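The values are calculated or read from the model by the stated rules, or taken from the named source; none is laboratory data. All values derive from a computational prediction rather than experimental measurement. Neighbour counts run over all protein chains shown; Cβ positions are idealised from the backbone, glycine included.
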Amino acid sequence: MEPTHESNLMMAIVQAQEGLMEPTHESNLMMAIVQAQDADIAQHALKSIKVDAYQLPSVGGFLGRKNVTLIIDSPKGHNEEIITILKNSCSQRVEFVAVPIESAQQAIPTPTQIVVGGAAVFGLTSEKVIKL
């Protein structure tokens, strides 16, 4: 009987937990929270320099808009290059939102200028990276 994909995956997980698999390379883990409209551009740019990035959907707290959290496998020495790519592909923009004036008897929405976009980047040190 041939091993199934599920049994191979389970075996790899057990080997990883028992420390039997070697890490693929030394790396850092980076997380970048970007607007959903910038995520594909950023991921494509990272892929062009052979850096893996994985998307997790998220929602912003202030405006409630869709964001994406990029989990980035950053090989040692590539952090600055990754940050430069994120700066270039996740631009800040000015938008207007309607905010009601509190002192008015009726809630009259007033356009208020806000800056959105960019990226919030977090760097984490990973003990090892295992690609299954």
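Laid out as a table, the results:
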item: Selection from the stretch 39-91 of residues that are within 24 Å of E127 (Cβ to Cβ) and of a type in the set (F, W, Y); result: Y54
item: Odd one out for K131 among (1) among the basic types (K, R); (2) part of a loop (DSSP other than H, G, I, E, B); (3) at pLDDT 90 or above; result: (3)
item: Neighbours by Cβ (under 7 Å, 6+ apart or cross-chain): first from the stretch 32-55, touching a residue at least 12 places away in the same chain (Cβ under 8 Å) and among the aliphatic types (A, V, I, L, M); second surrounded by fewer than 15 Cβ atoms within 10 Å (Cβ to Cβ) and part of a helix (DSSP H, G or I); result: I49/E81
item: Residues of the stretch 71-90 that turn out to be assigned to a loop (DSSP other than H, G, I, E, B) and surrounded by fewer than 13 Cβ atoms within 10 Å (Cβ to Cβ), as a count; result: 2
item: Residue identified as surrounded by 10 or more Cβ atoms within 10 Å (Cβ to Cβ), farther than 15 Å from Q35 by Cα, aliphatic (A, V, I, L, M) and free of Cβ contacts under 8 Å to residues at least 40 places away in the same chain among V68, V59, V97; result: V97
